[in-house]
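**Q** Starting off with a structure, shown below.
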C-alpha cells in the first residue's frame, strides 16, 4: 500500500501594495520546487513594522490580489489578518492555520531581507514549531554567505543540503521543532518592487509588464497611488 502524501501549503504574507508579477513569479516557482498543493496570499491588515497611514486601504489590496490570482487554481487569498483588529503578527497567523489544518505541513514564504531580522518578530522561536520557512533569495546569494541563517537561529539550524538553487537547513537539536526546515530558494524572477510601482504611477509612467493587466486597470480605475506615494 502506498504511503499517503502529507499535504503541503505555502503561506505568502505581505502588504502587497500592490501585488505584482514578481510576487506571482516567485510563488509559482516556490510551489513547483517544494511541490506545494496550494499557496495562500495573506495581505497584512495592521503590519507591526510599517506605518498604517502609508498603506493602501485593505479592501483595495485584497481586490488586487483576487484579480491577480483568479486564473491560478492553486493560489488563494486569506483575509485572516485583514479581519483581525490586532497587529498582524506572524505567530498569530501560523497559530490560526495550524488550528484549522493541523495535519498540513506549512511553509511560510518570506523575502530574505525580512527574514534576516527574524529576532525582531514576536515570539520568533515559536514560529519554527508551527511552520517551515521558505526564504526568497536573489541570484548570487551564495550558500557560503555566513549570514544566510540569522545569528539568532544559528544554534538551532545546521547546514543540511544544497541542490541547484535550493539550500536547506534543518533542526535536529530541538525536539519541539520537529525537524522543521529553513529553505533558501534562489528566484530568478523579475526584479520588481511595489515601491517602484507606486512611484511609477505617481509620476505617470507605465506599469505595464510589472503587474497583471487586471491589476493595472484596477489601479487606474480607483486612482490609486496618484497622490503622495506610500512608503
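**Q** Collect the residues in region 209-225 that are more than 12 Å from residue 64 (Cβ to Cβ), modelled with pLDDT of 95 or more and touching a helix residue (DSSP H, G or I) at 6+ places or on another chain (Cβ under 8 Å), keeping them in residue-number order.
**A** Residue satisfying the conditions is 210 alone.
**Q** Run residue 183 past the list (1) at pLDDT 90 or above; (2) part of a strand (DSSP E or B); (3) over 18 Å from the mean Cα position of the chain (by Cα) and report the number of the one that doesn't hold.
**A** (3)
**Q** Do you know which residues across region 72-99 are at pLDDT below 95 and loosely packed, with under 11 Cβ neighbours inside 10 Å?
**A** Within region 72-99, 83, 85, 86 meet the criteria.
**Q** Here's something else I'd like to know. Going residue by residue through region 38-46, is there one that turns out to be farther than 25 Å from residue 135 by Cβ, at pLDDT below 95 and either surrounded by fewer than 17 Cβ atoms within 10 Å (Cβ to Cβ) or under 16 Å from the mean Cα position of the chain (by Cα) (or both)?
**A** So in region 38-46, the residues farther than 25 Å from residue 135 by Cβ come out as none.
No, region 38-46 has no match at all.
**Q** Can you confirm whether residue 165 is at pLDDT 85 or above and more than 21 Å from residue 6 (Cβ to Cβ)?
**A** On the way: at pLDDT 85 or above: no; more than 21 Å from residue 6 (Cβ to Cβ): yes.
So residue 165 does not fit the description; no.
**Q** Still on this structure, I have one more. Specify which of the listed residues (143, 174, 156) is surrounded by 13 or more Cβ atoms within 10 Å (Cβ to Cβ), in contact with a strand residue (DSSP E or B) (Cβ under 8 Å, 6 or more places away or on another chain), at pLDDT below 90 and more than 25 Å from residue 16 (Cα to Cα). Spell out how you get there, then give the answer.
**A** On the way: 174 fails: in contact with a strand residue (DSSP E or B) (Cβ under 8 Å, 6 or more places away or on another chain); 156 fails: in contact with a strand residue (DSSP E or B) (Cβ under 8 Å, 6 or more places away or on another chain).
That would be 143, the only listed residue that is surrounded by 13 or more Cβ atoms within 10 Å (Cβ to Cβ), in contact with a strand residue (DSSP E or B) (Cβ under 8 Å, 6 or more places away or on another chain), at pLDDT below 90 and more than 25 Å from residue 16 (Cα to Cα).
The values are calculated or read from the model by the stated rules, or taken from the named source; none is laboratory data. These numbers were taken from a predicted model, which means no experiment stands behind them. Cβ: placed from backbone, ideal geometry, glycine included. Neighbour counts: every protein chain shown.
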